[in-house]
Amino acid sequence: MKKYSYLFISVLLLSSCNVYKSYKREKVSTDQLFGTTVEVKDTITLASLGWKEVFTDSKLQALIEKGLAQNTDLGKARLSVEQAKAALLSSRLSFLPSLAFAPQGTVSSFDHQKASQTYQLPITASWELDVFGRLRNMNKSSKSALMSSKAYQQAVQTQLVSTISTMYYTLVMLDRQIEITKQTVVSWQETLRATKAMMEAGHANQIAVARIEANVAAVQTALVDLEGTRGDVESHLCVILGDTPHAIVCGSYTSQVFPEALSVGVPMQLLSNRPDVRASEFALQQSFYGVNVARSAFYPNIQLNGSAGWTNSVGGIIFSPAKFIASAVGSLTQPLFNKGANIANLKIAKARHESAKLDFQQSLLNAGYEVNTYLSTTQSARQKKELRIQQVASLKVAVEQSEALMNYSQTTYLDVLTAQKELLQAELNQVADWFSEAQGVVNLYHALGGGTH
């Protein structure tokens, strides 16, 4: 009989080996993840720089530090990490015996006789032997959940750094566009005064004056819109900072400096640099151990229970003083029939694992797409910026020449208006191109996983 018992236990242990399997990442192909147009030279990446090295404006740095300290979404992410830490601690403590103090007292009387009083003062202990890996897999699952929550916290931080930077550069862009528009209003008002003087001298007519007045009013209206947009962006940024609405003073348009080298490294680095990709993989790892836990439900549950303490009642005989009593019980519970619940739970766990696989694959594809897109956007913005400089310089000459010629009646006011409009639009577009470059750098930095330090 003993031989068969050993054989039964050996079969159970061998059949439960798959429950002990540890998670191993399946082979992930990152070939051409950045597309065929991105040249990968080395493993250096923009994400290896700290955010203070990328965003050098002191005013922006102060805003980012405030956001990291006060933003509510990041605060909630930190609390999620604390919850995961507590869950992991609870999982680890499940390996230890549980102790409880369970005092009992009884008063009994039979056929109106004198009541007898008994008591027990035991300390009970319960310990589950993790022979089939249920507790171990639950512990690994909790650890994966903790790592996933930490990666999520880092993802929230990178997004926060990116959002604050983008909104700050939006304010810088609007400040510059407001400045250009104000200068244009002043310039056009001067043109209006000159045209009125020419009309009095008989060299211009009321149509010219009315057209210039209309254009001055249009530019002033655009100025009101720009200032209103700036106020909205400013208030939104204050909310992100976890602060009440207040004025935000930005650095100058010309003082902003961005890294010249836009190194993206090799695609495989996204697996370790991108916090959202890491969070997705930790979720996959957690689901893997969830399958193991579901499998362990098919194996016996071995429990050791014991108690020790003092009592004044043993076998119905009254002892005084109290006597020491101890007991120990071992139990094995093997599930036989539970209406298919274990089978259903295993199917659910496997389905969640397959879903987590797809999420992980998609997160990696999204990361590669973002790197390709933002790198292309930034490079295009830099090329347009150089061309826009030439355009603005040429239009300034055109405005100066047309205004000079109008003073000598060798050209019409329409030529002046056209040149001024084109210059204003080119200057506004020049600032928009600068913002496209700034936003591209921010987005590329975020897409590569930067901003966690």
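Among the numbered conditions (1) more than 30 Å from Ser263 (Cβ to Cβ); (2) at pLDDT 85 or above; (3) in contact with a Ser or Thr (Cβ under 7 Å, 6 or more places away or on another chain), the only one that Lys396 does not meet is (3).
Looking only at residues that are over 13 Å from Ser149 (Cβ atoms) and among the charged types (D, E, K, R) in the range 266-297, which one is surrounded by the fewest Cβ atoms within 10 Å (Cβ to Cβ)? Selected residue: Arg295. For the range 273-284, the condition of being under 30 Å from Val416 (Cα atoms) and modelled with pLDDT under 95 holds for none of the residues. What's the total number of residues in the range 58-67 that are surrounded by 15 or more Cβ atoms within 10 Å (Cβ to Cβ) and either among the acidic types (Asp, Glu) or within 21 Å of Ser148 (Cβ to Cβ) (or both)? Residues flagged as surrounded by 15 or more Cβ atoms within 10 Å (Cβ to Cβ) and either among the acidic types (Asp, Glu) or within 21 Å of Ser148 (Cβ to Cβ) (or both) within the range 58-67 amount to 0.
If you go through the range 234-248 and keep only what is without any contact (Cβ under 8 Å) to a residue 60 or more places away in the chain, part of a loop (DSSP other than H, G, I, E, B) and not hydroxyl-bearing (Ser, Thr, Tyr), you end up with Pro245, His246, Ala247. Within the range 417-444, the set of residues being among the aliphatic types (A, V, I, L, M) and closer than 17 Å to Asp57 by Cβ comprises Val431, Ala438, Val441, Val442. Taking the listed residues Gly251, Gly265, the one that is farther than 19 Å from Met173 by Cα, in contact (Cβ under 8 Å) with a residue 40 or more places away in the chain and not β-branched (Val, Ile, Thr) is Gly265, with no other qualifying.
Per this entry, Lys384 is counted among residues that are assigned to a helix (DSSP H, G or I), basic (Lys, Arg) and farther than 30 Å from Ser141 by Cα.
Taking the options Phe34, Phe55, name whichever one is in contact with a helix residue (DSSP H, G or I) (Cβ under 8 Å, 6 or more places away or on another chain), among the aromatic types (Phe, Trp, Tyr) and at pLDDT 75 or above. Being in contact with a helix residue (DSSP H, G or I) (Cβ under 8 Å, 6 or more places away or on another chain), among the aromatic types (Phe, Trp, Tyr) and at pLDDT 75 or above holds for just one of Phe34, Phe55, which is Phe55.
Conditions (1) farther than 27 Å from Phe258 by Cβ; (2) at pLDDT 85 or above, marked per residue:
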| residue | (1), (2) |
| --- | --- |
| Ser98 | yes, no |
| Gly105 | yes, no |
| Thr124 | yes, no |
| Gly133 | yes, no |
| Met138 | yes, no |
| Lys143 | yes, no |
| Tyr152 | yes, yes |
| Thr166 | no, yes |
| Met173 | no, yes |
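For the range 201-226, the tally of residues that are crowded, with 16+ Cβ neighbours inside 10 Å and within 25 Å of Pro245 (Cα to Cα) stands at 3. Mind listing whichever residues of the range 229-260 are of a type in the set (Val, Ile, Thr) and surrounded by 12 or more Cβ atoms within 10 Å (Cβ to Cβ)? Thr229, Val233, Val239, Ile240, Ile248 - these are the residues of the range 229-260 that are of a type in the set (Val, Ile, Thr) and surrounded by 12 or more Cβ atoms within 10 Å (Cβ to Cβ).
Among the residues of the range 179-219, the one identified as touching a helix residue (DSSP H, G or I) at 6+ places or on another chain (Cβ under 6 Å) and either at pLDDT 95 or above or not in a helix (DSSP H, G or I) (or both) is Ala204.
The values are calculated or read from the model by the stated rules, or taken from the named source; none is laboratory data. Quantities reported herein were computed from a predicted structural model and do not represent experimental measurements. Don't worry about glycine lacking a Cβ; one is built from the backbone with ideal geometry, like all the others, and counts go over all protein chains shown.
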